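Below is one structure; the comments refer to it alone.
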Amino acid sequence: MKFLLLSVAFFWGFSVQADVDSAAMDWVQKMSSAMQELSYQGRFVYLHNGQLESMSILHVNDAQGKRERLISLNGEAREILRDNNNLTCVWPSSRQVVVDQSNQANASPIWIPEDVERLGKFYDFKLSGNDRVADHPAVIVAIDPKDEFRYGMKVWIHEKNGLLLQSQLFDEQGRASEQIMFTEIAILHYDDQKAFKVLPEIDSGYALIRSHSGEGDSQHPADANWSIEKLPQGFWIESAFRKKMMNSPDFTQQMILTDGMASVSVFIEKKSQQGLSGESSMGAVNAYGTTYKDYSITAIGEVPAKTVRQIALSMAYLN
């Protein structure tokens, strides 16, 4: 009888834990859908590399598609607009406008996962209590890595609408190395058509750097002979391309790797004395530089030092 009771308790406990993990993943999936599909506006503070930055965000999803506007509220003035085709960055102080291919991951410090189920293979999701952020009730979900190749995170999710209210990124020692916290956020129940344009109004004094128009593409196909022999489990190559270096016939090849939450960029270019050699870090960002034949290779990302080191040293040219 004791064995039977222990068995029942064991399986009951396992079932409860499975339900808790599933519920935590459901909350993160709800957050992902809300941050992409709802229209909202708000203000948040972004703490990274020892600096505190205040930003406003306006996100609209309507018949015209998804559009987003980010404005820095302190430090150097800058504005980022993203629509279905273009990512436009404006720096009023330097009088520059840069237009490039739309990329949400680079446009905003706010993390929005795309494949929560896949993340579950490499992270543990756990409900971690309740809280209140910006006067809104929140559910806390802890996202802990299953190995040493990635960082952990906590997210505070609005109990009713699923919007992200706060997030913290933790390094290998469990220290909060990066944080986002909304001070105000509200759902929009109307379309603000005037808030978005393909390009903001600029005068002739601005220098326009149009890297990508939404139709053409200044990027070149990647050299497919480059490969990564020992990619950390769970990471995949999201994109790879080459760009011509200024005032040089040479190209820089860039590979962007991700596991759905963490990301690493690898830069490959002709060997130079300016290339990084060995490890470097700034806050949660780690980098590792090495040489391979006649090339300098640099891997950089918000991941542990071990991850960028393994990736950089695993690059190989197959021919």
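The values are calculated or read from the model by the stated rules, or taken from the named source; none is laboratory data. Everything quoted here is computed from the prediction, not taken from an experiment. As a convention, Cβ positions derive from the backbone with ideal geometry for all residues, glycine included, and neighbour counts pool all protein chains shown.
Assorted remarks:
- Here residue 184 meets each of (1) within 25 Å of residue 54 (Cα to Cα); (2) modelled with pLDDT of 70 or more; (3) assigned to a loop (DSSP other than H, G, I, E, B); (4) among the acidic types (Asp, Glu) with one exception, condition (3).
- Cross-chain or 6+ apart pairs with Cβ under 6 Å, the range 49-69 first and in contact (Cβ under 8 Å) with a residue 40 or more places away in the chain and under 12 Å from residue 79 (Cα atoms), then in a strand (DSSP E or B) and charged (D, E, K, R): 58/69; 68/82
- Scanning the range 163-194 for residues that are under 21 Å from residue 46 (Cβ atoms), touching a residue at least 40 places away in the same chain (Cβ under 8 Å) and within 19 Å of the chain's Cα centre (by Cα) yields 163, 164, 167, 169, 171, 177, 178, 179, 180, 181, 182.
- Residues located in the range 293-303, provided they are without any contact (Cβ under 8 Å) to a residue 60 or more places away in the chain and buried (at least 16 other Cβ atoms within 10 Å of the Cβ): 295, 296, 297, 298, 299, 300, 301
- Residue identified as within 24 Å of residue 169 (Cα to Cα), among the basic types (Lys, Arg) and in contact with a helix residue (DSSP H, G or I) (Cβ under 7 Å, 6 or more places away or on another chain) among 69, 118: 69
- Strands (runs of 3 or more DSSP E) fully within the range 89-174 that include at least 1 residues being buried (at least 17 other Cβ atoms within 10 Å of the Cβ) and modelled with pLDDT of 90 or more: 123-133, 136-145, 152-158, 164-170.
- Test: residue in the range 304-315 that is under 30 Å from residue 47 (Cα atoms), free of Cβ contacts under 8 Å to residues at least 24 places away in the same chain and surrounded by fewer than 18 Cβ atoms within 10 Å (Cβ to Cβ): no
- Number of positions in the range 228-242 that are loosely packed, with under 14 Cβ neighbours inside 10 Å and aromatic (Phe, Trp, Tyr): 1
- Filtering the range 189-235 to residues that are in a helix (DSSP H, G or I) and modelled with pLDDT of 60 or more leaves only 195.
- Test for residue 283: is it surrounded by fewer than 19 Cβ atoms within 10 Å (Cβ to Cβ), touching a residue at least 24 places away in the same chain (Cβ under 8 Å), under 16 Å from residue 49 (Cα atoms) and not hydrophobic (A, V, I, L, M, F, W, C): yes
- Residue 90 vs. criteria β-branched (Val, Ile, Thr), assigned by TED's automatic domain parsing to the domain that holds residue 170 and in contact with a His (Cβ under 9 Å, 6 or more places away or on another chain): no
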